[in-house]
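A quick write-up on the structure given underneath.
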Amino acid sequence: MNQSIHSHEVLIVGGGAAGLALASKLGRKYKRKKNVRITLIDQQLTHIWKPLLHEVAAGTFDSHVNEISFLAQAKRCGFEFRLGTLAAVDRQTKKVTLSQIDTEGEPLIPKRELSYDTLVVAVGSVSNDFGVPGVAEHCLFIDSTQQAESFHKKLVQACTRVFATGKPATDDPLKIAIVGAGATGVELSAQLREVSELLNTYAAQKIESSEIQITLIEGADRILPALPEYLSAATAAQLSSLRISVLSGEVVSAITEDSIETRSGRSIASHIKVWAAGIKIPKIAIHNDDLEFNKINQLVVGNTLQSSNDDNIFAMGDCAACQWITESGEHQLVPPRAQSAHQQASYLAGILPRIINASLDGTTIDPTDDRKFPVFRYRDYGSLVSLGNYATVGNLMGNVIRSVRIEGAMARLVYLSLYKMHQVALFGFFRTALLTASNMFRRSVHPAIKLH
C-alpha cells in the first residue's frame, strides 16, 4: 500500500479553553500518523479554565490542584507542546518565530522558528484599561493564573490582619473595589463576600461583615449590560442582599493609591482595587503584516473562521472578530464567552481534518464549497451568572425554546456543566467522571477555601 509523501503541520497559538480543546481533539485523531504534526504554543506551562479565575482569586478553587500540565496533556493526546510567545509570522514562508525565554535574567530557551501549513490563533483576551491613568500602577487584574493567585495572596493577608486585630492597616473597614460589573466583576464580588464569611469560621476573633466592604463600579447604567435586563435586575437584587454596594453609571476617570475617581466627581476609597472592565486582545506579531484587525486587536475572520485575507490562518475564541446574525436579524460579533470558544473549537475540530486529509492527498478544499466546507454558525444557548453558593441566575435558549429563565439549583447545575463539558473535551467522559468523584472526596477533607 502506497503511503502519502505529503505532510501537514498545524500550529495552534494559545492554550486557553479553545486552543487546548482543539489541540487535544486533533492530537487524538492523528496520534498514529507520522506525517501530521499538531503543535500547541503557549507562554505558560499549565492551563486553568479562564471562567474559573475569579474563583482562584477568591480562593474557592485551588489552581495547584486543578491546573492541567500542557506537557502531560500533549503526551496523553498525541500533540506537541512548545513553550513560547509569538514574536513574528512570515506568511510567505509559512513560518512563525517564538521569542527567547529568559529566567532570572539568563537565557533559558533561544529564539526558534516553526513551520506551519495551518495556523490557528487562539490567544484569548485581557482586561482593557482604556488608557485610564493609574490603572496599571494601582489595580490588580485577573487575566491569568499568576494574577489571580497574586490577588488571593493580597486578599488573605488583608483579611488575616482584619481577623487578627479587628481592623485593617487603618482604622477604616477593609475596602475592596471592583471596576467593571460584567460577569467576571459580578461573580468575583459574590465570591469575595462568601470568602469573607468562610474566613470568619476559621478565625479565632469574629468580626462583623460590615468590616469588609465590597463595592462594584460600572460605567453603564446597569450591571451585566451585555445580558438581558431581567438578569441584571435579579442579580442586582441578590448583590444588595449580600451587602455589596453597586455604583452604576459611574465612569472611572483615574485611579490613585487610595481611591477610585469617577467623572461625576465621586471618590471611592479602597484598599484593594481590581480592574475587570472590558477586554482587548494581546498584540500579536502579525500586526506588522497586512492581516485585518479591529480596534480591540481582534483578528477579523469570515464565517469559516479564516482570516479575511489568508485562508491558511484561522482565529477562534476571544481574539476572533466573527460576524453573527442574531434571531432578530441584527449583525453582531460573536460574544467573548466560554460557549463561543467551545463551539468554535468543535467547529475547527471538524473542518481542519478535511483540510489536513486533502493536503495529504495533494489536493485542496474550496472554502466556498458549502458541502465540503460548511460555515460556522454560532448558537446562543443563554447566559448564566453564578454568585457562589448564594445563587445562580440565567436564561437558557435553543432551537425549540426562545428563552427560559432559570435560577436556583437547576441554574447552578447547568453552570457547573459548562466546566464539565470543557473537561470532557480534554479528557473524555470516563476520566472526567473519575476527576469529579476525586474532587468530591477531596472537598470532604480539605477546607472550603484556600487559606494560604
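The values are calculated or read from the model by the stated rules, or taken from the named source; none is laboratory data. Since the model is a prediction, treat every value here as computed from it, not as a measurement. Note: ideal-geometry Cβ built from the backbone for every residue, glycine included; neighbour counts use all protein chains shown.
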Strands (runs of 3 or more DSSP E) (entirely within the range 378-439) containing at least 3 residues that are at pLDDT below 70: 392-396, 404-407
Yes/no for Gly185 being crowded, with 18+ Cβ neighbours inside 10 Å, within 27 Å of the chain's Cα centre (by Cα) and modelled with pLDDT of 90 or more: yes
Matching residues in the range 114-138 - criterion: being out of contact with any Cys (no Cβ under 8 Å at 6 or more places or on another chain), surrounded by 18 or more Cβ atoms within 10 Å (Cβ to Cβ) and closer than 30 Å to Ile355 by Cα: Leu114, Tyr116, Thr118, Leu119, Val120
Looking only at the range 81-96, and only at residues there that are farther than 14 Å from Lys283 by Cα and among the β-branched types (Val, Ile, Thr), the one that is surrounded by the fewest Cβ atoms within 10 Å (Cβ to Cβ): Thr93
Where Ile356 falls short, out of the listed (1) part of a helix (DSSP H, G or I); (2) without any contact (Cβ under 8 Å) to a residue 60 or more places away in the chain: (2)
Some residue of the range 38-58 being more than 19 Å from the chain's Cα centre (by Cα) and over 22 Å from Val126 (Cβ atoms): yes
Some residue of the range 248-268 being surrounded by 15 or more Cβ atoms within 10 Å (Cβ to Cβ), in contact with a helix residue (DSSP H, G or I) (Cβ under 7 Å, 6 or more places away or on another chain) and modelled with pLDDT of 95 or more: yes
Test: Leu119 is within 19 Å of Thr184 (Cα to Cα), modelled with pLDDT of 90 or more, among the aliphatic types (A, V, I, L, M) and touching a strand residue (DSSP E or B) at 6+ places or on another chain (Cβ under 6 Å): no
Number of positions in the range 34-44 that are farther than 22 Å from Ser99 by Cβ and crowded, with 17+ Cβ neighbours inside 10 Å: 1
Flag if Ser24 is in contact with a Ser or Thr (Cβ under 7 Å, 6 or more places away or on another chain), among the hydroxyl-bearing types (Ser, Thr, Tyr) and in the same structural domain as Pro110 (by TED's automatic domain parsing): no
Residues of the range 226-240 that turn out to be surrounded by fewer than 17 Cβ atoms within 10 Å (Cβ to Cβ) and touching a residue at least 40 places away in the same chain (Cβ under 8 Å), as a count: 3
Residue list for the range 262-281, restricted to those being in a strand (DSSP E or B), more than 18 Å from Ser189 (Cβ to Cβ) and either within 28 Å of the chain's Cα centre (by Cα) or not assigned by TED's automatic domain parsing to the domain that holds His138 (or both): Ile279, Lys280
Strands (runs of 3 or more DSSP E) wholly inside the range 75-182 containing at least 3 residues that are under 23 Å from the mean Cα position of the chain (by Cα): 80-83, 118-121, 174-179
The listed residue being of a type outside the set (Gly, Ala, Ser), assigned to a helix (DSSP H, G or I) and either assigned by TED's automatic domain parsing to the domain that holds Tyr347 or crowded, with 23+ Cβ neighbours inside 10 Å (or both), out of Leu11, Leu71: Leu71
Close pairs (8 angstrom Cβ cut-off, 6 or more residues apart or separate chains): in a strand (DSSP E or B) in the range 323-344, of a type in the set (Phe, Trp, Tyr) and at pLDDT 90 or above anywhere: Trp324/Tyr378
Any hit, the range 55-68, residues being touching a residue at least 60 places away in the same chain (Cβ under 8 Å) and closer than 30 Å to Leu360 by Cα: no
Leading residue by the ranking (farthest from Leu119 (Cα to Cα)) among those in the range 290-306 that are touching a residue at least 60 places away in the same chain (Cβ under 8 Å) and not in a loop (DSSP other than H, G, I, E, B): Leu299
Condition met for Ser99 (closer than 20 Å to Val13 by Cβ, hydroxyl-bearing (Ser, Thr, Tyr) and either surrounded by fewer than 15 Cβ atoms within 10 Å (Cβ to Cβ) or outside the structural domain of Ser253 (by TED's automatic domain parsing) (or both)): yes
Qualifying residue in the range 340-353 (condition: among the small types (Gly, Ala, Ser), within 20 Å of the chain's Cα centre (by Cα), within 16 Å of Arg379 (Cβ to Cβ) and surrounded by fewer than 21 Cβ atoms within 10 Å (Cβ to Cβ)): yes
